Structure formats: C-alpha cells, structure tokens
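For reference, the structure I am asking about is given below.
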Amino acid sequence: MKPIVAPSILAADFANLQREITMINESDADWIHVDVMDGVFVPNISMGLPVMEAVKRHAKKPIDVHLMIVHPENFVEAFRKAGAEIISVHIEACHHLHRNIQQIKGLGAKAGVAINPHTSVSQLEDIVQDIDLICMMSVNPGFGAQKFIENTYQKIKELRELLVRRKSNALIEIDGGVSLSNARPLMEAGADVLVTGNLVFTSDSPKEVIQQLKRL
Ligand code: DX5
Ligand code: ZN
C-alpha cells in the first residue's frame, strides 16, 4: 500500500525553511502541505502568502494548500499565482462551495474540500463529482501534534462508499495525528493521502520516516 505522503510544514523549523524544503525535495514525499490559518475560522494564525512564495521558490514537489480561513474565495487566486497545485477550502467556511470549487478549477488548480471532524460525509454527496480531493480532518483544525480522532476510520469507509456510488475519483486525504501505527489501518480503511506534520519534523531522521510511510 503506497500512500501519497504530504509533509505539513506547519511543524517545520521556520527559521530554517529552505533546509526543511530541501529535505522534502530529497525525500520520497510526494507533496508539500501548507496550512494557512486566519485566527477566525480556526483559533490560531499560521502562515500566509509570503511564506507560500518562499516555499515555492525552493519546492520541487507539488504544493497542497489547506486554507483554514473564512472567505477563501478572496485568496484562492493569490495562492494559485504563488504556485499552489492543489487548493482545499473548508466546507464549513463556504456558503457557495460549488462556486468556490469552480473558481479553483478555473485557475487550473486541483480542487479539494476539507471537512472538520463534526461534519458528516453525507454533506459531500452533491460535490464529490466535482472535486479532486477531500481533506478529512482527523483532529480539529488549528494546531499540529494533536491526538488522532478514532471516528475517522468510520468516516473514511463511508466516504469511500460515497465516492464509488457517485463515480468520483477524488482522493481521500487524512490530516492530523497521523503516526507510524495508524498509517496502515488508515490506508486499509480507504485513505489515499497522508498528511504528516510532527511525525516527520520532530524526527531525527525525517527522510527515513517518510520512507517508512511509503513502504506501508
Ligand atoms: C491542523 C493542520 C494539519 C497539521 C497536521 O490544523 O491542518 O495539517 O499540520 O499536523 P500533525 O501531523 O502534527 O497532526
Ligand atoms: Zn492541513
């Protein structure tokens, strides 16, 4: 089972960001996950466009931007111009999700929908055929290094069934609390992409951790 592995630079050493990006470039990781927080949608502020641009200058892998912000439609174009290949918006932050998805796709990026732990999979029923990815939060968004929420397994199974039924090829991305012990069960439940922050960046040998995830 080979997951797409997306290290989240939220857990990186921001004072040595170039070194961290180089490590990802040289590793078996597939994408670089960029967590954008506004202090309104989530109770934390992380990084914005200047950091995204700095990451892009060094990145040799696609950048997967996770927008944890209100009114994401105001920033989607700027993140696309800054080099985002995949852009996810939160279903809980969008009044016009379909329009927001069309906006992302119209800019030539892949479009994702992120869902909080309390949001049921059934709310994706009429959007899965239009999207490339579902970012399923397995912690409450806002912080790294939180405890994985076990109910995620059930939601992955429900989402996989929905994708099959609706003939959607969207990828299932799991975000939050991914560890070396839950990675395999997550893939068995139906996940495609594993986001990993602390697991990778607090390790003394991050490239080996990434390699372990690729060899589940
Ligand atoms: C949480 C972020 C996650 C986070 C994951 O709001 O969306 O991407 O960085 O970090 P870990 O892997 O440490 O839970
Ligand atoms: Zn994220």
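Compare ALA54, ALA191, ALA109 in a GNM of the chain, Cα atoms joined below 10 Å, and give the one with the largest fluctuation.
ALA54
Another question about this same structure. Give me, ordered by chain and number, the residues 5 or more places off ASP28 or on other chains with an amide H under 5 Å from its own placed amide H.
Close amide H contacts, sequence-distant or interchain: GLN211.
Still on this structure, please answer the following. Given H placed 1.01 Å from N in the peptide plane, which residues other than close sequence neighbours of ILE4 have an amide H under 5 Å from its amide H?
Long-range HN contacts for ILE4: VAL193, LEU194.
Explain nothing, just compute: Karplus ³J(HN,Hα) = 6.51 cos²θ - 1.76 cosθ + 1.60, θ = phi - 60°, for every residue of the range 169-185 in order, whole Hz, x for Gly and Pro.
Whole-Hz 3J(HN,Hα) from phi for the range 169-185: 9, 4, 7, 9, 9, 9, 10, x, x, 6, 9, 5, 8, 9, 4, 5, x.
What stretch of the chain, leaving out the sites themselves, is the longest with no trypsin sites (Lys or Arg not before Pro) in a DSSP loop having at most 11 other Cβ atoms within 10 Å?
Value returned for the longest uninterrupted segment is 61-146.
How large is the accessible surface of VAL89 in square angstrom, using a 1.4 angstrom probe and rounding to the nearest 10?
0 Å²
Using each residue's phi in the range 193-209, evaluate 6.51 cos²θ - 1.76 cosθ + 1.60 at θ = phi - 60° and report the 3J(HN,Hα) Karplus result to the nearest Hz, with x for Gly and Pro.
Each residue of the range 193-209 in turn: 10, 10, 8, 9, x, 4, 3, 7, 7, 9, 7, 6, 10, x, 5, 5, 4 Hz.
Taking 2.2 N^0.38 Å as the expected size of a compact globular protein, what ratio does the Cα radius of gyration of the range 94-216 give against it, to two decimals?
Details: Rg = 14.9 Å, N = 123, 2.2 N^0.38 = 13.7 Å.
Against the compact-globule rule of thumb, the ratio is 1.09.
Shape call for the range 4-214 from the C-alpha gyration tensor, a ≥ b ≥ c root eigenvalues: rounded (a/c under 1.5), prolate (a/b greater than b/c) or oblate? Each step should come with its number before you reach the end.
Working: a/c = 1.57, a/b = 1.14, b/c = 1.37.
Note, shape of the range 4-214 comes out oblate.
Oh, and also: Compute a Gaussian network model of the chain, connecting alpha carbons closer than 10 Å, and tell me which residue from GLY144, GLY106, GLY190 fluctuates the most.
Taking springs between Cα atoms under 10 Å, the residue moving most is GLY106.
So, with a 1.4 angstrom probe, what is the percent of accessible area on the chain that is carbon and sulfur? Could you put the intermediate results ahead of the total?
Working: 4720 of 9620 Å².
Carbon and sulfur together cover 49 percent of it.
Across the range 102-190, how many lysine pairs separated by 8 or more positions, or lying on different chains, have Cα atoms within less than 24 Å? Intermediate values should be presented prior to the final figure.
Values: LYS105/LYS167; LYS110/LYS155; LYS110/LYS157; LYS110/LYS167; LYS147/LYS155; LYS147/LYS157; LYS155/LYS167; LYS157/LYS167.
The result is 8.
Can you work out the Karplus-derived ³J(HN,Hα) for every residue in the range 210-215? Use 6.51 cos²θ - 1.76 cosθ + 1.60 with θ = phi - 60°, whole Hz, and x for glycine or proline.
4, 4, 4, 5, 6, 10
Given the rule -39500 (n - 2.57) for each run of at least 4 DSSP H residues, summed and divided by the residues of the chain, what is its mean residue ellipticity at 222 nm, to the nearest 500 deg cm²/dmol?
Helices in the chain give a 222 nm mean residue ellipticity of -9000 deg cm²/dmol.
The values are calculated or read from the model by the stated rules, or taken from the named source; none is laboratory data. Note that the structure is predicted; figures quoted are calculated from it, not measured. Cβ atoms come from the backbone with ideal geometry, glycine included; neighbour counts cover every protein chain shown. These area figures cover heavy atoms from the full protein model, side chains too; ligands, DNA and RNA do not enter into them. Shrake-Rupley method; radii C 1.70, N 1.55, O 1.52, S 1.80 Å.
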